[in-house]
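Student: Just passing along the structure, written as structure tokens.
The values are calculated or read from the model by the stated rules, or taken from the named source; none is laboratory data. All of these numbers come straight from a predicted model, not from anything done at the bench. Cβ placement follows ideal geometry from the backbone for every residue including glycine, while neighbour counts extend to all protein chains displayed.
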Amino acid sequence: MIKADFICFGGEDWWYKNRGHNDIQLMRRYAWCGTTVYINSIVMQKPRLTEGKRFLKKFSRKIKSIFTGLKRADAGFWVYSPFSLPLHHIKWARKLNEWILYAQVRALERRLKMENPIVWIACPAAVDVAIRMCRNKLVYQRTDRYEEYPNVDFETIRAYDRRAKASADLTLFANTELYNLELQQCRRALYLDHGVDYQLFADAEKDPTVPPDVKDIPGPRVGFFGAIDDHTSDIPFVEKVTDLLPEMSFVFVGKASSDVGGLQRRSNVHLLGPKPYEQIPHYGKCFDVLIMPWRQNRWIHACNPIKLKEYLALGKPVVSTPFPELEKYRDLIYQARTPEEFSRKIEKALKEDSYELVLARRKKVESSTWDQKAQLVLSELFNEKNDGVGRPCFETQASLRNYENSTLS
């Protein structure tokens, strides 16, 4: 059993974001290895005062997160929101940020009596601090083209990314094409496909309870869960699809940061807002078809959405716009490039669905658990034999759920 402490510079804010992301899921498992700290995402975007109320909302939320301080979460790890300046595009501010962040992290290490932790970078803006730290290993999680994220300084974030790949003991890629393209920039690299909370999603249908805000929505229901963002979701595309299928109900579960006013005005569209991660499978089980209507851009080209495996674990038919990682599932996924074709594929998916296909979809992802992914990374880091089973360094998912339901001291 490997014993190790972890400090993860996360890509999300634990208090406000969906908790199904790669870094959070893996830190849940590594919390069993030793003391684990999840540092909420450092803001990489340039401040946009012109956003008005939206800017104030994001600002107040971040301030509240910072003032939460160091707190132990129900996932078994500690969570901390550091203070930093969203001015990475300004040279003097980058240096000031590095000094401020490093001082905060050193104080955390002393308070929690951590020595030489495994340092995990899921937010490239933390790279300069991570490199300075006394550590056991350095891991960089390159799951997206961070430099393509909206409203960031492209050259600055690309430079962070290059330093992280050159310094990390192990760089993790979730996209095969990105892995092949950037392999030579890394000291050591591993393609790590996303995992899935398989039992959480596959077993949802065993519970007959239906969320109250879904049960009165007429079928057939076409569903989507996850963030609705400008750089990922193609809203005009979705609007056309909903118009082409007026007899179907389109249900969206998740936070919308893009303009969804046009969707809200359509009588067959239902925007239910964000829900706790543990409730997502119970919404998903109520949908007849699940969709991924992505934009066609460089961000999506390098993506590998976690929700794909969650959709398949539910056993539901999936219709998506194309992206490279989808090719591994093309025997189970319906792909379409235009709203017209997308609409036809939804109808086809409904018509062709069967018990045998439900089983095939689940079979495709049942072994891709987050436990398996977490073990694979440790095996790679410490050069242990990995046979796909091995001796776990953390408890089973059942033990994890029992732990999460208990009261932490």
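Student: Which ones in the stretch 134-148 are buried (at least 17 other Cβ atoms within 10 Å of the Cβ) and assigned to a loop (DSSP other than H, G, I, E, B)?
Tutor: If the condition is that a residue be buried (at least 17 other Cβ atoms within 10 Å of the Cβ) and assigned to a loop (DSSP other than H, G, I, E, B), then R135, K137, T143, D144, R145 are the ones that fit.
Student: Of all residues in the stretch 301-322, which are within 17 Å of the chain's Cα centre (by Cα), part of a loop (DSSP other than H, G, I, E, B) and crowded, with 21+ Cβ neighbours inside 10 Å?
Tutor: Across the stretch 301-322, the qualifying residues are A302, C303, N304.
Student: Continuing with the same structure: Restricting to the stretch 161-174, and then to whatever is assigned to a helix (DSSP H, G or I) and in contact with a strand residue (DSSP E or B) (Cβ under 9 Å, 6 or more places away or on another chain), can you tell me which residue is nearest to I121 (Cα to Cα)?
Tutor: Step one: list which residues in the stretch 161-174 are assigned to a helix (DSSP H, G or I), which gives 161-167.
The next check asks that each one be in contact with a strand residue (DSSP E or B) (Cβ under 9 Å, 6 or more places away or on another chain); those that pass are 161, 164-165, 167.
Details: D161: 10, A164: 8, K165: 10, S167: 11 Å.
This residue is A164.
Student: What single numbered condition from (1) under 23 Å from the mean Cα position of the chain (by Cα); (2) surrounded by fewer than 14 Cβ atoms within 10 Å (Cβ to Cβ) fails to hold for A107?
Tutor: (1)
Student: Take the stretch 346-371 and flag every residue that is surrounded by 21 or more Cβ atoms within 10 Å (Cβ to Cβ) and free of Cβ contacts under 8 Å to residues at least 60 places away in the same chain.
Tutor: R361
Student: Which one of these does L172 not meet: (1) in the same structural domain as A302 (by TED's automatic domain parsing); (2) crowded, with 18+ Cβ neighbours inside 10 Å?
Tutor: Failing condition for L172: (1).
Student: If you go through the stretch 106-116, how many residues are in contact (Cβ under 8 Å) with a residue 60 or more places away in the chain and of a type in the set (G, A, S)?
Tutor: Looking only at that region, the number is 0.
Student: Does the stretch 88-105 contain at least one residue that is over 17 Å from M44 (Cα atoms) and touching a Pro at 6+ places or on another chain (Cβ under 8 Å)?
Tutor: So far as the stretch 88-105 goes, yes, one or more of its residues are over 17 Å from M44 (Cα atoms) and touching a Pro at 6+ places or on another chain (Cβ under 8 Å).
Student: Okay, moving on. Limited to the stretch 175-195, what total is found for residues that are part of a loop (DSSP other than H, G, I, E, B) and surrounded by fewer than 17 Cβ atoms within 10 Å (Cβ to Cβ)?
Tutor: Residues that pass the stated criteria total 2.
Student: Further question: When only residues in the stretch 78-123 that are touching a Cys at 6+ places or on another chain (Cβ under 7 Å) and not aliphatic (A, V, I, L, M) count, which is modelled with the highest pLDDT?
Tutor: Initially, the stretch 78-123 is screened for residues touching a Cys at 6+ places or on another chain (Cβ under 7 Å), giving 116, 120, 122.
Then keep just the ones that are not aliphatic (A, V, I, L, M); that gives 116, 120.
Working: N116: 92, W120: 97.
Taking the candidates together, the pick is W120.
Student: How about the stretch 336-358: which of its residues are polar (S, T, N, Q), over 16 Å from P246 (Cα atoms) and in contact with a helix residue (DSSP H, G or I) (Cβ under 8 Å, 6 or more places away or on another chain)?
Tutor: The answer is none; no residue qualifies.
Student: For K206, work out the one condition from (1) more than 22 Å from S343 (Cβ to Cβ); (2) within 25 Å of the chain's Cα centre (by Cα); (3) basic (K, R) it doesn't fulfil.
Tutor: If we test K206 against (1) more than 22 Å from S343 (Cβ to Cβ); (2) within 25 Å of the chain's Cα centre (by Cα); (3) basic (K, R), just (2) comes out false.
Student: Of everything in the stretch 151-177, what is hydrophobic (A, V, I, L, M, F, W, C), in contact with a His (Cβ under 9 Å, 6 or more places away or on another chain) and closer than 15 Å to N22 by Cβ? Give them in sequence order.
Tutor: The one that is hydrophobic (A, V, I, L, M, F, W, C), in contact with a His (Cβ under 9 Å, 6 or more places away or on another chain) and closer than 15 Å to N22 by Cβ: A174.
Student: Can you name the residue in the stretch 69-85 that is in a loop (DSSP other than H, G, I, E, B) and over 15 Å from I42 (Cα atoms) and is also nearest to the chain's Cα centre (by Cα) among such residues? Spell out the reasoning first.
Tutor: Step one: filter the stretch 69-85 for residues in a loop (DSSP other than H, G, I, E, B), giving 69-70, 73-77, 81-85.
Keeping just the survivors that are over 15 Å from I42 (Cα atoms) gives 70, 73-77.
Working: L70: 22, A73: 18, D74: 18, A75: 16, G76: 19, F77: 18 Å.
Ranking the qualifying residues of the stretch 69-85, first place goes to A75.
Student: State whether the residues of the stretch 86-105 include one that is within 24 Å of G34 (Cβ to Cβ), in a loop (DSSP other than H, G, I, E, B) and either in the same structural domain as G10 (by TED's automatic domain parsing) or in contact (Cβ under 8 Å) with a residue 12 or more places away in the chain (or both).
Tutor: Looking for residues that are within 24 Å of G34 (Cβ to Cβ), in a loop (DSSP other than H, G, I, E, B) and either in the same structural domain as G10 (by TED's automatic domain parsing) or in contact (Cβ under 8 Å) with a residue 12 or more places away in the chain (or both), one finds none in the stretch 86-105, hence no.
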